[in-house]
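Enquirer: Have a look at the structure that comes next, please.
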Amino acid sequence: MEKKVVVVSSIVIFLGLLSAATSFAAEATRIKRSQVQVNPPYQCVYPQSPAVHLGLTAAMALMVSQIIINVASGCICCRRTPQIPNSKWRVALLSFVLSWFTFVIAFLMLLTGAALNDQRNKDSVYFGFGDYYCFVVRPGVFAGAAILTLSSVAFGIVYYITLTEGKNGSNSGGDSSYPNQGGIVMGQPQIPRQSQEPVFVHEDTYVRRQFT
């Protein structure tokens with residue numbers, strides 16, 4: 001594996017683990033329903049929570065990792081060459097789509113969770129029958145975003161490595177139209193062609209050979 005591939009993969013893995021760790025930390029420190037107080041006249045008072053900064057940090061780390069992996073890989077349509085095997089191309093394309101799909105969902109979940117944890121005094125919502133509610137993040141939002149973050153990073157690395165190895169493998173194989181180029185050249189032995197025409201010998205030479 002090339003040094004560039006190792007470096008890029010290591011950076012992306014680090015950012016993915018950082019995003020997942022901060023997401024789990026945001027899940028543990030998110031504002032619970034029991035922590036919200038309702039003051040008259042029906043006003044929701046939210047406590048301060050580090051989940052806001054943790055969620056934003058996780059979102060930024062995930063976004064940077066996605067940018068790095070796509071810049072290093074290049075445009076997937078531009079990297080399509082006939083030399084890349086179809087099996088590698090299908091794996092790279094599927095990993096590319098799944099990486100972006102999980103990235104978008106995880107990124108939106110992190111931003112939404114951070115926004116809902118960054119509330120101060122808000123008016124409560126009336127649902128009838130004297131019930132008033134204050135909006136809080138549902139349990140498992142940040143944890144789900146962390147799992148999707150790890151999935152996005154994993155699919156991105158598979159996409160990057162598969163596409164890079166397929167491209168490098170096709171280049172190292174040389175031009176397929178010249179299979180013997182740079183290898184051992186096989187050929188037929190060059191044997192002088194014997195003449196089929198009769199050879200005339202002088203009579204004195206023939207008699208001399210008979211006596212010898």
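What follows draws every value from the coordinates through simple rules; no lab data is involved. Not measured: the values here are computed from a predicted model. Ideal geometry is used to build each Cβ from the backbone, glycine not excepted, and the neighbour counts take in all protein chains shown.
Enquirer: With r as the distance between the Cβ atoms of Phe101 and Val45 and R0 = 41 Å, compute the FRET efficiency 1/(1 + (r/R0)^6) and round to 0.05.
Expert: Using R0 = 41 Å, I get an efficiency of 0.60.
Enquirer: If each residue of separation counts as 0.36 nm, what is the full-extension length gain between Leu108 and Ser87 once their alpha-carbon separation is subtracted?
Expert: Full extension of this stretch gives 4.3 nm more.
Enquirer: Mind sorting Ile157, Ile67 by how few other Cβ atoms lie within 10 Å of their own Cβ, fewest first?
Expert: Placing the least packed residue first, the sequence is Ile67, Ile157.
Enquirer: Around Ala146, under 14 Å between beta carbons, what's the net of Lys plus Arg minus Asp minus Glu among the other residues?
Expert: 0
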